[in-house]
Each structure stands twice: as structure tokens, then as C-alpha cells.
1. Run through region 199-304 and list the GluC sites (Glu not before Pro) located in a DSSP loop whose Cβ has at most 11 other Cβ atoms within 10 Å.
2. If the limit is 19 Å between Cα atoms, which of LYS87/LYS130; LYS221/LYS355; LYS355/LYS415; LYS333/LYS416; LYS176/LYS205 go over it?
3. For SER47 and ALA332, what is the calculated FRET efficiency with R₀ set at 41 Å and r taken between the beta-carbons, to the nearest 0.05?
4. For ASP195 and THR350, FRET efficiency with R0 = 41 Å and r from the beta-carbon atoms, rounded to 0.05?
5. Can you grab the distance from the C-alpha centre of region 67-97 to the C-alpha centre of region 306-358, Å, no decimals?
6. Run the numbers on the chain and let me know its relative contact order in percent, using alpha-carbon pairs under 8 Å that are six or more apart.
7. What Rg and what Dmax come out for region 84-323 when only alpha-carbon atoms are used, in angstroms?
8. P(r) tail for the chain, what percent of Cα pairs lie past 39 Å?
Amino acid sequence: MPDRTSSQRKKIKKAPSQASRKSSRQEQGKSAVSGARPSPSGKHYLSDKVSHFTESVIREMTRQAMLYGAVNLAQGFPDFPAPAEIKQAAQQAVAADVNQYAITWGAKNLRNAIARQMGVWQGITVDPEKEITVCCGSTEAMISTLLAVCNAGDEVVIFEPFYENYGPDSVLSGAKPKFVKLRPPTTDGGEWTFDEEELRRAFDKHTKAIILNTPNNPTGKVFTRPELELIRDLCVEFDVLAITDEIYEHILYEGTEHISMVSLEGMRERTVTINGMSKTYSVTGWRVGWAVAPEKITNAIRKVHDFLTVGAPAPLQEAGATALSLPAEYYAKLAEGYRVRRDHLMPALTAAGFKCFRPRGAYYVMTDISAFGFKDDISFAKYLVQEIGVACVPGSSFYRDPPDGARQVRFAFCKKPETLDEAGRRLRKLHAKPPS
Ligand SMILES: Cc1ncc(COP(=O)(O)O)c(C=O)c1O
């Protein structure tokens, strides 16, 4: 994979701790592959793979927000409490001494709940004994899946802009990512779209899988049935797996419908469905996610997962079973709460001069920053966090080639109303202080 993240990393200044600021500054000048320098004996201590990507820009922006006292609209985690019922369930599980390793592929109660809810939400029958692997977050479910299915030389199709983990995930699993563009809406309230021919050209005999994230981070796109059917047809024609990241399944606006790829005819045997607790239950720190796949693929995922992590946190898996038993109203309230937050932040962004691409799902808004006249997204994000006091994510971190995202930044609105108010208040300074 081209060195996208490495080159970008050189441009984003790391947020150093106060004490280590000097040494961290010195690090900025070093090549991203400096770790591959030989030891005195001539041995390379580090894996070549690691030189092809760098730390997450999203997580780095959170550190920058802390350093500059900025309102953090960069990383996608709620700043409001998780539901009381599931916190109680976690406390009870710890008190009841569910404190040792769970079964490596997941606590039975949680796997049963996942299987039951996939039936309720998507009409899919899943065998909880043979087709589910509970992991440390959907992050681990994704990398375990890719490690389980990819060989060197395999290609993985990814829509871009993409959630930044997918690039390094592909590199680590030995696969080569092939990117297909999602193009921003050209009209107010329009959709992000892709070109059918461009997608078809990305598929060939080397294609092992397509990674599909719907509802999508960062665009907020929710793939429609005709789009999913088109992707399905290509998967069947080229004998390709679909690995779907559906962690924003329940965060949908204006009656938009989430359709799981696995529910489409012809996809049951070639889909790995990834989901987790982080976003639906506002517990990003719990690290509980899962991969649902046909038995043969599940066996391979379970092997990788076992040797990577042994298992996800046992008491939190028990609380996960409680979470998945919450009534339908919980999910309706969750989506409505995020609609209110979206409609809270977007006018503030528009008033400040951003062009907003209205999300149909998930809890981010991608924006166009052309009106501000900055050189690129990195210099703009830096100005915003340091001078205005609001952290966003530079658009280039979602693209293979940084220039493709140079006019975009992403804001997360999974925040309390007062956080969004404070961000809006600070953003009002943006017009008054144009760049020099
Ligand atoms: C698309 C997407 N997938 C996965 C994750 C991480 O999920 P988890 O906390 O389950 O590892 C995120 C987090 O922002 C995300 O946006």
C-alpha cells in the first residue's frame, strides 16, 4: 500500500506531553520509517509492515484537543453517560465474580442475544454456537477477520473516504487495498454516490473481499438496496467476500433503512457481519464487538482471535447480553437523540462558513472548507484546534491520497448539547479571524 498515512503523519504535529514536547518535536523531522533503521549489529528491529502506516490521526486529534483545551468534535465517543441499566448489569457481573476468562469466542449469553437480535432486526438465522466470535471491539473483529481470510497478494476493495483503520488492517493482513471513490453530494441534501464502472474495475481474480461500512463513517451515507444489490452481484460474479462494518446500524435519520448485506439473496455464505456495543450503547471504552460469519470462516476467525486476545472482557459481555435485551424504544430514542444533536451542530457549522454534507446515518458530519481559503485540511484543522479551540479530523485521513481530502474536515456530534453549544460559540470566531 502506498505510504499514505506515513506521509500525512509528517504533516500533523504530534500532541506532546508538556514534559516530552522537545523530544517529540525532534521526532517530527524523522522519517516515518526511521524505526526500520538497523541496530548496531545491522539487524532491523521493526517489521516493514509498520512503516506503511502511522498512528491514527483521529486519536491524535483527541490528544491535540486535550493539549490545547479544545472542544473535542474529532473522535467518535459520547461525552454523556451510558445507559444506567447496562452499567448496573456490568457492576452486577463483577460482583457475581464473572471475572475470569469467558469462553474464547464469547460468553454464551451474549452470543445467544446477538443471534436473537440479528433475527429480529435483519431476519437472519444465526447459529450462536458456530457462527459468532465475540472480540475486543469491532476493531479486533475486523482485523481478526482480515487476518483469517487474506493471503499475500489478495486485494481488498474499500470505498473512500474510509474509516482509517481499514488501510492498516489490510496492510497487516498482507492484502492490498483497492480504493473506489464515494463522491460528495452535488446538491443540498443529496447523496454520496459511487460510479458503477469504477467499482466493477476494482474487482478481478485477485479480489478476496470488499469492506463495506454502512451507515458510513465519515460520510454518513447509508447504502441503499439497489447499491447493495449491485455490490452483491459483483461479489457473486467474482466470488468475493463482503466484510461489513455495521456498528452504526441503529443511528439512522429521516426514516432511512439499514440493510445488512448478509440478508441479501446469495450473500449468506460470503458475508462477515461486524458489529459491536461501542456506538449503540455508548460504551466505546468497553471493547466488546463481534463478527458473524459462516462456520468455516468463523473457525478461522476464532483461531486468530484466540491467539490475539484470548477473549473480550467477561463481565462486560454479560452486560452486553442485557444491552441487547433493551426494548425497541431504546433504539428509537438513540436515533432521535442523535438527530437532535446533528440538527444542533449543522446550523452552527453552516453559519461559521462550512458547507455541510447532511448525514443519513452515523454521528459525523463531513464538511467542505473551501470557503476559508486555507492551503489544506491539515493547516485548517491545526488552526481550528489551536486558535479557535475546536478539534475536528482532517479529511485527508480518510483518503489514500491526501489531496483528495484537502478540502474536507469531519466533525463528530455524539456530544452533550452544552458541548455542541460551546463548539458553536467558539466557531463564531472563525469568520472574524481569517488566516493570514
Ligand atoms: C466505522 C467504524 N468501525 C469501527 C469503529 C471502532 O469500533 P469498536 O469500538 O467497536 O472497536 C469505529 C469507531 O469510530 C468506526 O467508526
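No lab work stands behind these numbers, since they all come straight from the coordinates. Keep in mind that this is a model prediction, so the values were computed, not measured. Cβ coordinates were reconstructed from backbone atoms using ideal geometry, including for glycine residues, and neighbour counts include every protein chain displayed.
1. Here the sparse-neighbourhood loop sites are GLU254, GLU257, GLU265.
2. With Cα atoms farther than 19 Å apart: LYS87/LYS130; LYS355/LYS415.
3. With R0 = 41 Å, the Cβ-Cβ based efficiency is 0.35.
4. 0.90
5. Region 67-97 and region 306-358 have Cα centres spaced 12 Å from each other.
6. Relative contact order comes out at 22 percent.
7. When restricted to Cα atoms, region 84-323 yields Rg and Dmax of 17.6, 56 Å.
8. Working: 17574 of 94830 pairs.
Within the chain, distances greater than 39 Å cover 19 percent of Cα pairs.
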